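Step one of this worksheet: look at the structure below.
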Amino acid sequence: MIGLVVVSHSHKAAEGICELAAQMGGDAPLEPAGGDGEGGIGTDASRIGDAIAAADDGEGVVVLVDLGSAVMNAELAIEMTEANATIADAPILEGALNAAVEATNEKATVESVLEKAEEARTYRKTS
Amino acid sequence: MFGRLSYNMVDEPTQQEAIRAAAEAVADRLEDEKEYLTELDSAIGDADHGSNLARGFRAAADAVADDEESTPEELVKKIGVTLISKVGGASGPLYGGSIMSASQTFEEGVTAESSVAFAEAYLDKVKDRGDAQLGAKTMVDALTPAVHTFKKSIEVDELPPLTAFAKATAAAERGVEYTVPIRAQKGRASYLGWRSVGHQDPGATSTWFIMQELLEVADDYLEGETDVDARSPTIPEETPDEVEEEA
């Protein structure tokens with residue numbers, strides 16, 4: 001199954017988004033990687049790397065990110081991992097929900113999960 | 001490729017010693033500048049630049065302090081890897097990731113030629129990782145003039161590496177000054193828009209501080225003048241790359 005990693009500057013935000021996505025995504029592996037690892041706000045490449053390793057069962061991982069350094073640290077973690085991991089260019093919450101639903105599809109691939117996550121870019125809240 | 005091969009630097013054990021000394025000097029300096037850098041960062045960022053960098057470089061200096069085994073390339077890589085895990089924020093990947101990636105240019109040791117290659121690789125990686133171009137009010141604004149000045153001083157003007165690095169450090173200072181009046185386009189500061197104008201970029205500033213310390217340490221090991229400015233004595237007819245190809 002394709003694994004998902006949620007990278008936020010806030011540990012609570014990453015956990016909360018995983019919680020929401022798990023409601024939709026059943027048994028898809030979902031790993032939060034939030035905060036700087038010392039209880040503060042930030043992102044940390046080695047935490048993200050550990051989360052990718054935990055979410056990967058060999059089929060690959062899609063990574064959802066929030067702002068600035070989350071993208072850089074996720075890129076760095078991906079460069080240092082053996083897993084087939086890719087960052088979704090998507091809003092972190094809506095993207096994670098879409099990705100979690102797709103990940104439970106038996107035929108899901110990294111590409112199909114990525115595509116579903118990135119569909120969330122165009123979602124409107126009103127109108 | 002270079003006109004003056006006599007500018008070969010120092011032997012490998014001395015390179016290793018100099019790298020450890022440089023890591024120590026940078027760690028001490030950033031500890032001293034911690035509050036100043038954080039003050040700059042609190043104006044236009046998230047007020048963690050000073051403490052993050054000081055913590056990271058202290059850990060990096062400690063990581064290599066007693067390492068007598070590693071080659072120069074491995075020492076530099078170790079500094080980068082330690083920074084990635086200890087600095088956090090965007091500075092971890094930008095400083096640590098770029099040092100780690102550029103360290104491979106020192107495979108054959110630290111020479112004038114490999115130092116230019118390191119500088120270029122470091123700048124490329126920072127620009128690539130941060131997706132930042134010149135003029136976005138980032139460390140790229142200090143690094144770009146520094147790297148160009150270093151490359152030209154060595155490859156065209158054939159200055160001793162120490163003098164070339166002194167000119168590069170002077171160029172970085174001018175880059176830092178340039179970040180003050182321009183509007184931020186990258187990082188947390190870009191959210192402030194016009195309010196970022198008038199503030200000096202913390203990343204450009206710490207980059208210049210790091211170069212000042214590298215210069216101090218280099219001065220202990222190499223010959224050459226260091227009281228220089230960023231101006232070049234020549235206007236080349238070719239770009240440095242073309243000079244390189246012809247040689």
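The values are calculated or read from the model by the stated rules, or taken from the named source; none is laboratory data. Since the structure is predicted, the reported quantities are computational estimates derived from the model, not experimental observations. Glycine gets a Cβ as well: all are built from the backbone with ideal geometry, and neighbour counts include every protein chain shown. Please note that ligands, DNA and RNA were not included when accessible areas were found on the heavy atoms of the full protein model with its side chains. Shrake-Rupley method; radii C 1.70, N 1.55, O 1.52, S 1.80 Å.
For region B:213-218, backbone phi angles converted through the Karplus equation (6.51, -1.76, 1.60; θ = phi - 60°) give residue-by-residue couplings of 5, 4, 5, 4, 5, 4 Hz, Gly and Pro being listed as x. For region A:62-127, trypsin sites (Lys or Arg not before Pro) meeting the loop criterion (DSSP other than H, G, I, E, B) and having at most 10 other Cβ atoms within 10 Å: A:Lys107, A:Arg124, A:Lys125. Taking Cβ atoms as reference points and 12 Å as the exclusive limit, the residues near B:Thr179 contribute a net charge of 0, counting Lys and Arg as +1 and Asp and Glu as -1. Adding -39500 (n - 2.57) for every DSSP H run of four residues or longer, then dividing by how many residues chain B holds, sets the calculated 222 nm ellipticity at -20000 deg cm²/dmol.
Interface area, chains A and B: about 1100 Å² of buried accessible surface, summed, with a 1.4 Å probe and ligands, DNA and RNA left out. Judged by the ratio a/c of the largest to the smallest principal axis of the C-alpha gyration tensor, chain A counts as oblate, that ratio being 1.5 or greater while a/b is no larger than b/c. What is chain B by shape, rounded, prolate or oblate, if you read a ≥ b ≥ c off the alpha carbon gyration tensor as root eigenvalues and call it rounded for a/c under 1.5, prolate for a/b larger than b/c, and oblate otherwise? It is oblate, given that a/c is not under 1.5 and a/b is not larger than b/c. Here the 3J(HN,Hα) profile of region A:60-71, calculated from phi with Karplus coefficients 6.51, -1.76 and 1.60 at θ = phi - 60°, is x, 9, 10, 10, 9, 10, 9, 10, x, 5, 4, 5 Hz, Gly and Pro shown as x. Checking the a/c ratio against 1.5 first, then a/b against b/c, what shape does the Cα gyration tensor give for region B:96-195? Oblate.
Within region A:17-67, which GluC sites (Glu not before Pro) sit in a loop by DSSP and count at most 13 neighbouring Cβ atoms inside 10 Å? Answer by residue number: A:Glu38.
Beyond 17 Å, what share of the Cα-Cα pairs of region A:54-95 remains, rounded to the nearest whole percent? Cα-Cα pairs in region A:54-95 separated by more than 17 Å: 29 percent. Within the assembled protein chains, the solvent-accessible surface assigned to A:His11 is about 80 Å², based on a 1.4 Å probe.
Taking GluC sites (Glu not before Pro) across region B:1-85, the ones in a DSSP loop with at most 11 further Cβ atoms lying within 10 angstrom of their Cβ are B:Glu68, B:Glu69. Overall, the accessible surface of the protein assembly as shown at a probe of 1.4 angstrom is composed of carbon and sulfur to the extent of 48 percent. Listed cross-link partners B:Lys127/B:Lys151; B:Lys86/B:Lys152; B:Lys125/B:Lys167; B:Lys127/B:Lys152; B:Lys86/B:Lys151 are compared with a 25 Å cut-off, the Cα-Cα value being larger for B:Lys86/B:Lys152; B:Lys86/B:Lys151.
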